[in-house]
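Report on one structure; see the data block that follows.
The values are calculated or read from the model by the stated rules, or taken from the named source; none is laboratory data. In this text, all values refer to a predicted model and were calculated from it rather than measured experimentally. Positions of Cβ are generated from backbone atoms using ideal geometry, with glycine treated the same way; all protein chains shown enter the neighbour counts. These area figures cover heavy atoms from the full protein model, side chains too; ligands, DNA and RNA do not enter into them. Shrake-Rupley method; radii C 1.70, N 1.55, O 1.52, S 1.80 Å.
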Amino acid sequence: MLLLAGSAVAAAAVTAGYQSMSPTGQWYGKTFTSLPPGTRQIALTYDDGPNDPHTLRLLDVLARHNVRATFFLIGRYVQQRPEIAREIAQAGHVVGNHTFTHPLLIFKTESEIRRELSQCHSAILEAIGEHSNLFRPPFGGRRPAVLRVARELGLQPIMWNVTGYDWNAPPAAVIERKVSTRIRGGDVILLHDGGHKQMGADRSQTVIATDHLLTRYKEEGYKFITIPQILQDGSTRGAHKSF
């Protein structure tokens, strides 16, 4: 009996840990991940910028395809390179909050969470002025306190349902394959234009993969839109995962 009880506790702990990091997990509060499959819309999102020089190269690719994306920026990088943050905004892309230092928030106190989000907001505000109220937790890590503090600050948590697993800079073909095997329509794709450990992370392969993915899926009739646009579409349909 004790063995069974211990196994049940262990299984519950594993499940709870998974739910705190899984982008589509909803145990700790509802977060937006995607629209229902079948729509011809896709939202490209990029984390961990601004990053020199790859964010600027990515902006060139997006401009060539006439596509707008959503960038979740790290506050300390915005302070280092505010001109790149301004270029993102001036190009018509959406800017969101990715905390100030990119910690795993499930291990932070509520006051630390609030400070991370507030400092990032201030850094972005100083660099580009008013911006979206979107927030993405680093590593996808969240617990009830993370979502509660975010919402108290007026922020909307945004997750994803497709990722290119590009944080370790694999070849572009690998990134493309990881993404393409999951595309169903209505997707929110996670990619990275920066790296949370330092400025200057090599994201050249993500830039190449983005170019190829845009070419492929535009030819297949998909439309690339921003997170606010995909949220609006979901609201109109009454079918998106709500907050």
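So what's the angle, to the nearest 10 degrees on a 0 to 90 scale, between helix 110-128 and the longest Cα principal axis of the chain?
So the inclination is approximately 10 degrees.
Calculate one ³J(HN,Hα) per residue across the stretch 154-164 by plugging θ = phi - 60° into the Karplus curve 6.51 cos²θ - 1.76 cosθ + 1.60, and present them in order as whole Hz with x for glycine and proline.
x, 9, 9, x, 10, 9, 7, 10, 9, 9, x
Counting only Cα, what are the radius of gyration and maximum Cα-Cα distance Dmax of the stretch 18-150, in Å?
Cα only, the stretch 18-150: 15.1, 43 Å (Rg, Dmax).
Enumerate the calculated ³J(HN,Hα) couplings along the stretch 37-44 in order (Karplus 6.51 cos²θ - 1.76 cosθ + 1.60, θ = phi - 60°), each rounded to whole Hz, writing x wherever the residue is Gly or Pro.
x, x, 6, 9, 10, 9, 10, 8
Quick one, which of (1) 17.0, 53; (2) 17.8, 64; (3) 19.7, 74 is the actual Rg and Dmax of the Cα atoms in Å calculated for this model?
Evaluating Rg and Dmax of the Cα atoms in Å on these atoms matches (2).
Applying the Karplus parametrisation 6.51 cos²θ - 1.76 cosθ + 1.60 with θ = phi - 60° to the phi angles of the stretch 53-66, what ³J(HN,Hα) value in whole Hz is obtained for each residue in order, glycine and proline being reported as x?
Result, ordered by residue: x, 6, 4, 5, 5, 5, 4, 4, 5, 4, 5, 5, 8, 6 Hz.
The stretch 132-228: Rg/Rh from Cα coordinates, Kirkwood Rh?
When Rh is taken as the Kirkwood radius, the ratio is 1.00.
Dipole of the chain (Lys/Arg Cβ +1, Asp/Glu Cβ -1, origin at the Cα centre): which of I74, Q156, L214 lies farthest to the positive side?
Of the options given, the answer is Q156.
By the scheme Lys and Arg +1, Asp and Glu -1, what is the net charge of all other residues having a beta-carbon under 15 Å from that of N66?
Here the charged neighbours net out to +1.
Could I have the simple spin-label model distance between R64 and D202, label points 7 Å from Cα toward Cβ, reported in nm to one decimal?
In this crude spin-label approximation the distance works out to 2.1 nm.
Just report the Cα centroid separation between the stretch 135-203 and the stretch 101-133, whole Å.
A separation of 16 Å, based on Cα centres.
For a quick check: with amide H placed at 1.01 Å from N, whose amide H comes under 5 Å from D52's, ignoring anything fewer than 5 positions away on the same chain?
So D52 has HN proximity to G200.
In straight Cα distance, which lysines are under 17 Å from K30, not counting same-chain residues fewer than 8 positions off?
Leaving aside lysines fewer than 8 places away in the same chain, those within reach of K30 are K241.
Considering only protein heavy atoms and a 1.4 Å probe, what is the carbon-and-sulfur percentage of the accessible area of the chain?
Carbon plus sulfur share of accessible area: 54 percent.
Multiply the residue separation of R151 and A91 by 0.36 nm, subtract the distance between their alpha-carbon atoms, and state the gained length in nm to one decimal.
Here the segment from R151 to A91 would lengthen by 18.8 nm.
Could you work out the local net charge near R184, counting Lys and Arg as +1, Asp and Glu as -1, over the other residues with Cβ closer than 13 Å to its Cβ? Mind dumping the intermediate values first?
On the way: positive: R40, R182; negative: D187, E220.
That works out to 0.
Using the heavy atoms of the protein chains alone and a 1.4 angstrom probe, what is the accessible area of the stretch 123-243 per residue in square angstrom?
So the stretch 123-243 comes to 44 Å² accessible per residue, rounded to a whole number.
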